[in-house]
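No value in this document is a laboratory result; all are computed from the given coordinates. Being a predicted model, the structure only gives us computed values, none of them experimental. Note: ideal-geometry Cβ built from the backbone for every residue, glycine included; neighbour counts use all protein chains shown.
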C-alpha cells in the first residue's frame with residue numbers, strides 16, 4: 001500500500017544554515033503524525049517541501065506515489081499554512097467556492113455546506129472574513145484545506161489562534177477525518193493536543209529527528225507510588241509489578257491505602273529530547 005507521504009534523506013540548506021539534515025518520515029493511510037520541536041527545528045520547512053513550496057537540497061518527498069510539488073502530488077493534499085491570509089471582503093461561502101475552482105473540485109454547494117458544518121461555521125457562510133474572529137478564520141482555513149476531499153492534510157499550527165472550545169472542535173474534526181481514512185501531518189507547539197490525537201510523534205531538533213514513537217511509547221515508566229500506614233514510598237517497577245508489590249507489603253503487615261503507577265508525559269520526553277532549546 002502506497003504511503004500518504006514519504007520522505008527519504010530529506011535535506012534543506014540555506015547557505016551555511018541547515019534547516020533539515022537528513023529526515024526520513026512516513027505517514028501511512030489514515031495515520032495522524034505529529035511534528036514537535038522548538039522554533040528553527042525544521043518543522044515548517046518539512047511541511048513546505050511536502051507541499052512543493054520549497055525544494056529540497058537533497059533527498060526526496062513523495063505524496064501518494066507522486067513527487068512532492070508535482071501536479072499529481074498537489075491534487076492529493078490539502079494545506080493550511082501557519083500564517084495564512086484570506087481576502088477580507090470574501091464571505092466564507094465565496095472563499096470556499098474560490099478554492100473549489102482552484103482545486104478543480106466539482107463538489108459545489110453541497111460540499112461547501114458540508115465543510116462549513118464540519119468546522120462549526122454552518123451559520124456563518126455569508127459572513128465576511130474581515131468580520132470573523134481569529135478562531136473562526138482558523139476554522140475556515142481548515143475547511144478550505146479539505147476542499148476536494150484530499151487523502152492527505154498538512155496542517156501547520158492549526159490550533160494556534162483557537163480557544164479551548166475551538167481546539168476541541170479541531171480535535172474532534174481530526175478524529176472524524178481519521179475514521180474516513182484521511183492522513184494528517186500535524187505541526188504543532190501544543191504538546192497536549194499532539195498527545196491526544198496523534199498515532200505517532202516525531203521530535204525534531206536542528207533539522208534532525210531525535211525521538212519518535214507513539215505517545216504511549218514515549219511515556220516511560222517512572223516507578224510505583226504506594227501509600228501504606230507507614231507513609232508513601234516510591235518502588236521500582238511497572239504496572240505489571242503492582243500485584244506482587246502489594247502482596248509483599250500486606251504479607252509484611254502493612255495496610256495499603258493507595259497505589260499510583262508513575263509514567264513520564266510527552267512533555268517530559270520532549271524537554272529531555274530538546275534540552276535547553278526554546279520554542
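Observations, loosely collected:
- Distance from the Cα centroid of the range 80-108 to that of the range 145-192 is 17 Å (rounded to whole angstrom).
- The candidate values were [x] 18.7, 53; [y] 20.6, 64; [z] 22.5, 75; the one computed from these coordinates for Rg and Dmax of the Cα atoms in Å carries the label [z].
- What separates the Cα centres of the range 1-64 and the range 251-277 is a distance of 33 Å.
- The convex hull drawn around the Cα atoms of the range 112-204, when projected onto a plane and averaged over every direction, covers 6.1 nm².
- Rg over Rh, two decimals, the range 199-279 (C-alpha only, Kirkwood Rh): 1.17
- Global geometry of the range 58-139, whether rounded, prolate or oblate, following the gyration tensor of its Cα atoms and the 1.5 cut on a/c: prolate
- Cα shape, the range 1-96, gyration tensor, a/c 1.5 rule: oblate
- When peptides 56-68, 258-270 are sorted by average Cβ neighbour count within 10 Å, with the highest value leading, the order is 56-68, 258-270.
- Computed over the chain, relative contact order equals 22 percent, with contacts defined as Cα pairs under 8 Å that lie 6+ residues apart.
- Shape class of the range 221-263 from the alpha-carbon gyration tensor: oblate, with a/c at 1.5 or above and b/c at least as large as a/b.
- Sites residue 160 and residue 255 - FRET efficiency at Förster radius 51 Å, r taken between beta-carbons, to 0.05: 0.55
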